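Shown below is the structure under consideration.
The values are calculated or read from the model by the stated rules, or taken from the named source; none is laboratory data. Source: prediction; values computed, not measured. Neighbour counts are summed over all protein chains in view; Cβ atoms, including those assigned to glycine, are modelled from backbone coordinates with ideal geometry. Heavy atoms of the whole protein, side chains included, go into the accessibility calculation; ligands, DNA and RNA do not. Shrake-Rupley method; radii C 1.70, N 1.55, O 1.52, S 1.80 Å.
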Amino acid sequence: MRPITGCRSCASGSLSSVLELGETPLANALLTPDELDRPEPRFPLTLLFCGACGLVQIRETVDPQVLFRHYLYLSSFSTTMLEHARRAAEEHIARLGLGAGSLVVEVASNDGYLLKNFVARGIPVLGIEPAANIAQVAEAAGVPTLCEFFGRDLARRLAAQGRRAHLILANNVLAHVADTGGFVAGLEALLAPGGEAVLEFPYVADMIAGAEFDTIYHEHLCYFSLHAARNLFGRHGLMVVDVERLAIHGGSLRLTVRRAGEAGEVAPAVPALLEQEEDAGLTRLDAYQAFAGEVERIRRDLRAEVERRRRGGQTLAAYGAAAKGTTLLATTGLGREHLAFVADRSTVKQGLHTPGTHLPIVPPEALLERRPDAVLLLTWNFAEEIFRQQAAYLQQGGLFIIPIPRLRVVGKEVLA
């Protein structure tokens, strides 16, 4: 673990502490039953703000080989993600006129959930995915995948082989990268003339507005505003030409970037959002200090609600063995004395245990079989999808506790 002394984007030493979340386990380091008695590493989790370029980031850097070489998040287990990917692919194909003579490259391509939409249309693709176990899943699904970390060197090697991309996709990866400069320089090197890169990542404005502190964990090194992203891309010869706000993952941005010399017109959405960020104070430290106060309120209210139900004799469980759940449970002090289990749809997670709290991960059917009085929804960003999947549990009187952005307890009325 290496703490930074300068900004991950601009290298400035003008870093201010925003939020201290203590020492937490690695968010996706799920445990087998044999590992439960072994020492479990924990790392400090401190959120910082760069006064020079506006980037929000964490201080600590955990070796990416530890975090990503074996990974247990597969996008295809989420119906919401699959539909989001399908729609995005159709939009890109139509807008850019992609066909058999094009090349689409996706960085951090996971199990091929997005690229398979291009494969189905006869468009050549290349996935780049560092997790060997997930790259194998993508290959088996017919998505050509290179099992490597993406950066400047790999991009130059591919470009030298004549594999320059007309479209580069990078969803939910920019925030995970320790060498942000090398990553963005790699995008510039890999683009074909006239090509563009489209990136999606959680939007810091939504994180602040919704007090979404559970998205802070060691895999997420950076939390971007448009200002911070524009500054980063500009230092490496790329220009943001369009931006779109998305509801997915609690609020995300979709950026379209091109080489500065090929950028053409900039969509009106770009200056409009930059102005909104200025008005909201996202370029100043005080907005993030207010966020820290909201985080403390949520942590206090959630623990009080769980303790009240527990004292009343209720049984509780959780839903969603996601990374964000690790942060939420670790920083609120909730664990096995409060929750019986975590249900999750991912078959690769079932039978394992959650980091830090060691809750057993079971199939979703356990909600009906074991009938907990209430379920803490850790994957609140997929609430509507989960409510539909768990309609029978809700109809029989089950309740979901939604912790963010404000504490809510819902029942079958959400099915109306």
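May I ask you to verify whether ALA185 is in contact with a helix residue (DSSP H, G or I) (Cβ under 6 Å, 6 or more places away or on another chain), surrounded by fewer than 23 Cβ atoms within 10 Å (Cβ to Cβ), within 17 Å of VAL240 (Cβ to Cβ) and in contact (Cβ under 8 Å) with a residue 12 or more places away in the chain? Spell out how you get there, then give the answer.
Numbers: in contact with a helix residue (DSSP H, G or I) (Cβ under 6 Å, 6 or more places away or on another chain): yes; surrounded by fewer than 23 Cβ atoms within 10 Å (Cβ to Cβ): yes; within 17 Å of VAL240 (Cβ to Cβ): yes; in contact (Cβ under 8 Å) with a residue 12 or more places away in the chain: yes.
The answer is yes for ALA185.
Considering only region 196-203, I want to know if a residue exists there that is surrounded by fewer than 18 Cβ atoms within 10 Å (Cβ to Cβ), modelled with pLDDT under 95 and under 22 Å from the mean Cα position of the chain (by Cα).
As a first pass, look at region 196-203 and keep what is surrounded by fewer than 18 Cβ atoms within 10 Å (Cβ to Cβ): none.
No, that holds for no residue.
Quick one: which of ALA178, ALA170, ALA229, ALA155 is at pLDDT below 95, hydrophobic (A, V, I, L, M, F, W, C) and either surrounded by 24 or more Cβ atoms within 10 Å (Cβ to Cβ) or assigned to a loop (DSSP other than H, G, I, E, B) (or both)?
Working: ALA170 fails: at pLDDT below 95; ALA229 fails: at pLDDT below 95; ALA155 fails: at pLDDT below 95.
Just one listed residue meets the conditions, ALA178.
Please report, ordered by residue number, the helices (runs of 4 or more DSSP H) entirely within region 347-416 with at least 3 residues that are open to solvent by 20 Å² or more (accessible area, probe 1.4 Å) and more than 20 Å from GLY312 (Cβ to Cβ). It would help to see each step written out before you state the result.
Numbers: elements: 366-370, 383-389, 391-395.
Correct list: 383-389, 391-395.
Quick check on my filter: what residues within region 284-331 are among the polar types (S, T, N, Q) and within 22 Å of the chain's Cα centre (by Cα)?
Of the residues in region 284-331, the ones among the polar types (S, T, N, Q) are 289, 314-315, 326-327, 331.
Answer for region 284-331, where residues must be among the polar types (S, T, N, Q) and within 22 Å of the chain's Cα centre (by Cα): THR326, THR327, THR331.
Also, I was wondering about something else. Take the residues of region 243-265 that are modelled with pLDDT of 95 or more and open to solvent by 60 Å² or more (accessible area, probe 1.4 Å): which is farthest from the chain's Cα centre (by Cα)?
Of everything passing the filter in region 243-265, ARG258 is farthest from the chain's Cα centre (by Cα).
Residue by residue through region 97-126, note down the ones that are farther than 22 Å from LEU158 by Cα and among the hydrophobic types (A, V, I, L, M, F, W, C).
Pass one, region 97-126, residues farther than 22 Å from LEU158 by Cα: 97, 113, 117, 120-121.
ALA120, the sole residue that qualifies.
Considering GLU307, GLU296, which residue is outside any loop (DSSP other than H, G, I, E, B) and either open to solvent by 60 Å² or more (accessible area, probe 1.4 Å) or touching a Phe, Trp or Tyr at 6+ places or on another chain (Cβ under 6 Å) (or both)?
Numbers: GLU307 fails: either open to solvent by 60 Å² or more (accessible area, probe 1.4 Å) or touching a Phe, Trp or Tyr at 6+ places or on another chain (Cβ under 6 Å) (or both).
Among GLU307, GLU296, only GLU296 is outside any loop (DSSP other than H, G, I, E, B) and either open to solvent by 60 Å² or more (accessible area, probe 1.4 Å) or touching a Phe, Trp or Tyr at 6+ places or on another chain (Cβ under 6 Å) (or both).
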